[in-house]
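Written out below as structure tokens is the structure these notes cover.
The values are calculated or read from the model by the stated rules, or taken from the named source; none is laboratory data. Please read all numbers here as calculations on a predicted model, not as lab measurements. All Cβ positions, glycine included, derive from the backbone under ideal geometry; neighbour counts span all protein chains shown.
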Amino acid sequence: MITTRGRYALRVMVDLAERRGEGYIPMKEIADRQGLSVKYMERIMPALTKCGLAEGSHGKGGGYRLKVSPDDCTVLDVLLAAGEEVAPVACLEEGGSGCERADECRTLAVWKEYYRLTLEYFGGITLSSLAHGDAADNYVI
């Protein structure tokens, strides 16, 4: 399940994609548009900047902007940067310990295929398509 943190991170990144080329966008403006608290954004933005998806500037004229092209950044990139785990079961989690029953597991193939489809789906949606698609002005995640 995608947490609030992942959903909000995606909303913030789409907001930044919509305003690409406008310079640094103050955090308060993003928070107001997205109906988020600045305090919550302060918890999200370090992860997005650390992963190189966004960059920030302090002081007058400061804020955040995309560091990557919205055409090259996917929903999967944002979710992973926000610390989301998209694996459907613990034994498939990145860096997980696996499962002692993997050799006999009759359902593992189901979970692997579901995971593959999830990665393919989220990896196929770009920020650009969300920001400039038919429903770009109406997204609620």
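For this structure, a couple of remarks:
- Residue in the stretch 78-96 that is exposed (fewer than 15 other Cβ atoms within 10 Å of the Cβ) and aliphatic (A, V, I, L, M) present: yes
- Enumeration of residues in the stretch 49-78 that are under 16 Å from Arg5 (Cβ atoms), aliphatic (A, V, I, L, M) and out of contact with any Lys or Arg (no Cβ under 9 Å at 6 or more places or on another chain): Val75, Leu76, Val78
- Scan the stretch 97-111 for residues that are outside any loop (DSSP other than H, G, I, E, B) and touching a helix residue (DSSP H, G or I) at 6+ places or on another chain (Cβ under 7 Å) and the total you get is 1.
- Boolean, Met41 is closer than 22 Å to Leu130 by Cβ, modelled with pLDDT of 95 or more and part of a helix (DSSP H, G or I): no
- For the stretch 81-109, the set of residues classified as at pLDDT 90 or above and of a type in the set (Lys, Arg) consists of Arg106 only.
- The residue that is surrounded by the most Cβ atoms within 10 Å (Cβ to Cβ), among those in the stretch 1-38 that are among the β-branched types (Val, Ile, Thr) and in a helix (DSSP H, G or I), is Val12.
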